[in-house]
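Colleague: First, the structure itself, so that you have it in front of you.
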Amino acid sequence: MLVHLLKSKIHRAQVTAANVNYEGSMTIDLCLMEKVGFVPFERILASNMANGERFETYIIPGERGSGDIVLNGATAHLGKPGDRLTIMSYTEVDAAQAKGWQPQVIVLGEKNEVINERGI
């Protein structure tokens with residue numbers, strides 16, 4: 001049996017820009033992506049701590065070290081610069097592996113710098 005579990009999470013990511021004219025997705029600083037094991041074009045679920053919106057989209061890599069968290073396309077209507085997001089991806093794991101499973105998690109502070117990490 002497979003269990004659907006949290007794979008990776010960026011907690012308290014601060015939106016740096018919103019671009020409604022882009023075709024869609026969320027841009028994330030490549031350093032932050034790599035830190036939690038996100039891959040380009042991976043499906044994500046995001047929740048906006050400022051307004052309660054939850055949405056699915058996919059990731060495109062942003063400039064390494066930029067701190068960018070950019071809402072693109074329709075998702076630009078679901079948040080604004082300064083909002084804090086939780087960005088999550090999931091995976092399927094065999095039930096036997098699930099007992100010891102640890103997701104890769106980072107918590108961000110000002111300017112989207114990593115202030116805490118676990119499972120990494």
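Laboratory data are not the source of any read-out in this text; all were calculated from the coordinates shown. Just so you know, these numbers come straight off a predicted model, no measurement behind them. Virtual Cβ from ideal backbone geometry, glycine too; neighbours counted across all protein chains shown.
Colleague: Quick one: which of Val20, Val15 is β-branched (Val, Ile, Thr) and surrounded by 13 or more Cβ atoms within 10 Å (Cβ to Cβ)?
Modeller: Values: Val20 fails: surrounded by 13 or more Cβ atoms within 10 Å (Cβ to Cβ).
Answer to the check: Val15.
Colleague: Here's another thing I want to ask about it. Is it fair to say Glu34 is surrounded by fewer than 19 Cβ atoms within 10 Å (Cβ to Cβ), touching a Ser or Thr at 6+ places or on another chain (Cβ under 8 Å) and either among the charged types (D, E, K, R) or farther than 17 Å from Leu108 by Cα (or both)?
Modeller: Criteria not met by Glu34.
Colleague: Can you report the number of residues in segment 22-48 which are over 18 Å from Ile115 (Cα atoms), outside any strand (DSSP E or B) and aliphatic (A, V, I, L, M)?
Modeller: Our first condition is that a residue be over 18 Å from Ile115 (Cα atoms); within segment 22-48, this holds for 22-27, 38-48.
With outside any strand (DSSP E or B) added as a condition, the list becomes 22-24, 38-42.
Now restrict to residues that are aliphatic (A, V, I, L, M): 39.
Count: 1.
Colleague: Here is a further query. Just one of Leu45, Leu108, Leu71 is surrounded by 18 or more Cβ atoms within 10 Å (Cβ to Cβ), out of contact with any helix residue (DSSP H, G or I) (no Cβ under 7 Å at 6 or more places or on another chain) and aliphatic (A, V, I, L, M); which is it?
Modeller: Just one listed residue meets the conditions, Leu108.
Colleague: Does Leu6 qualify as being in a strand (DSSP E or B), more than 11 Å from the chain's Cα centre (by Cα) and hydrophobic (A, V, I, L, M, F, W, C)?
Modeller: So Leu6 passes the test.
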